[in-house]
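Structure first, commentary second.
The values are calculated or read from the model by the stated rules, or taken from the named source; none is laboratory data. Being a predicted model, the structure only gives us computed values, none of them experimental. A quick note on method: Cβ atoms are made from the backbone with ideal geometry, for glycine too, and the neighbour counts reach across all protein chains shown.
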C-alpha cells in the first residue's frame, strides 16, 4: 500500500491558480476521526470564497479545502468503531475544511461527518448531496414551511442549492420562480422543473413576479446574491413574506430595503447551514426527509460537469465562470 497520496492545498490567497495538487504522506486519523479513500468530491461557492479570504473562517497556510466527498473508510482513529472500515459514506459539511478538507485522494474527517447515502446514487452524485439539500431544507421546510400554492422566488436558479430548493418546492406543491441573468440557461432550467424562469437582464423582475403570482407576491425569497438587487427582490414579496439571505455572491454593500419591507411586513432573515447542523433533532428530520426523496427518485442532484483531480484549477475556473447548471464534481482515481 502506498504511503503517499495526492492532496489539494494552497499556500496563499488568490484565484484558482493558487490551488496545487501535492504528493503528501498519508495521514493517520486522530481521536474520533476517520480516513476516507475519496471516490469523488464536489465544489462549493464557500470554497472559492475561502480561497480568496472572503469566507467566515480564514485559511491557515498551507490550507486544505473542501466540504463534500464520497468514499470508503480505510482507517479509524481512537474511539471510533472499527466496523466502519470498508463501508461507503458521504460527508456532511460540519467541520473546518481548512484543516480537514476533502480535496484529494484521501481525507481525514470527524466521524460525525460520515453519513450513508442511497445506493441508487453514483459516487459523484453522493458527493453532491448535503450542502445543497440541507441548506434548502432549512429555509424551505424547517423555517419557511413551504406549502401548496405558495410562490417561491429563487435567485441564482442554476446553482445547486436553488435546484435543490426547486425540487422541495415542487414536492410540497408550491410554485417555483427561478431568476437567471441571461437567457442561455432558461430552457434548461424549465426542463429541470422550474415552473417559471425570469431572465433578470432582459425582464422587469418586479412586474413579472407580480403577473405570475396574480398580484399576491412571493411568500418566500431565497437569495444567495444580496447586493443592491435586494431592493427589487423585496418588492416581489407577498404581505408577511419571508426573505432568506443565505449567501454573498455580490460582495458590494447590501442596502436594507426599508420601504418594501415596511409595506409588506416583510421578515428578512439571515440563514446558514450551521443552524441545521447544530440542532440534532432538526438534523435527523432533515436527513430522513432528504434520504427518502433521494431514494425514491423525487430528488436527484444535477451534475454540471465532472473533472479529474489534476484538473482542480480548471474546475475552480469553471465554477467562477458561472456557466454551470448544478454541481461541479471532481472524480478521484
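So here's what we get for this one:
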item: Residue list for the range 254-277, restricted to those being in a loop (DSSP other than H, G, I, E, B) and farther than 17 Å from residue 55 by Cα; result: 255, 256, 257, 264, 265, 266
item: Which numbered condition residue 322 fails, given (1) on the phi > 0 side of the Ramachandran plot; (2) crowded, with 19+ Cβ neighbours inside 10 Å; result: (2)
item: Residues that are part of a loop (DSSP other than H, G, I, E, B) and under 24 Å from the mean Cα position of the chain (by Cα), drawn from the range 1-55; result: 13, 14, 15, 19, 43, 44, 53, 54, 55
item: Residue in the range 269-277 that is over 25 Å from residue 128 (Cα atoms), in contact (Cβ under 8 Å) with a residue 24 or more places away in the chain and in contact with a strand residue (DSSP E or B) (Cβ under 7 Å, 6 or more places away or on another chain) present; result: yes
item: Any hit, the range 86-95, residues being in contact (Cβ under 8 Å) with a residue 12 or more places away in the chain, out of contact with any helix residue (DSSP H, G or I) (no Cβ under 9 Å at 6 or more places or on another chain) and surrounded by 14 or more Cβ atoms within 10 Å (Cβ to Cβ); result: no
item: Pick from the range 63-84, criterion closer than 22 Å to residue 308 by Cα and surrounded by fewer than 18 Cβ atoms within 10 Å (Cβ to Cβ), ranking: farthest from the chain's Cα centre (by Cα); result: 74
item: Conditions (1) over 21 Å from residue 13 (Cα atoms); (2) in a loop (DSSP other than H, G, I, E, B): number failed by residue 60; result: (1)
item: Enumeration of residues in the range 159-199 that are part of a loop (DSSP other than H, G, I, E, B) and either crowded, with 24+ Cβ neighbours inside 10 Å or out of contact with any helix residue (DSSP H, G or I) (no Cβ under 6 Å at 6 or more places or on another chain) (or both); result: 159, 172, 173, 174, 181, 182, 194, 195
item: Residue 315 at pLDDT 95 or above and under 30 Å from residue 232 (Cα atoms); result: no
item: Residue within the range 121-131 that is modelled with pLDDT of 95 or more, over 30 Å from residue 227 (Cβ atoms) and touching a helix residue (DSSP H, G or I) at 6+ places or on another chain (Cβ under 7 Å) present; result: yes
item: Residue, nearest to residue 137 (Cα to Cα), within the range 206-223, restricted to residues that are in contact with a helix residue (DSSP H, G or I) (Cβ under 9 Å, 6 or more places away or on another chain) and surrounded by fewer than 20 Cβ atoms within 10 Å (Cβ to Cβ); result: 216
item: Residues of the range 313-330 classified as more than 18 Å from the chain's Cα centre (by Cα) and closer than 17 Å to residue 101 by Cβ, total; result: 1
item: Which listed residue, of 153, 109, is in the same structural domain as residue 78 (by TED's automatic domain parsing), touching a helix residue (DSSP H, G or I) at 6+ places or on another chain (Cβ under 7 Å) and not in a loop (DSSP other than H, G, I, E, B); result: 109
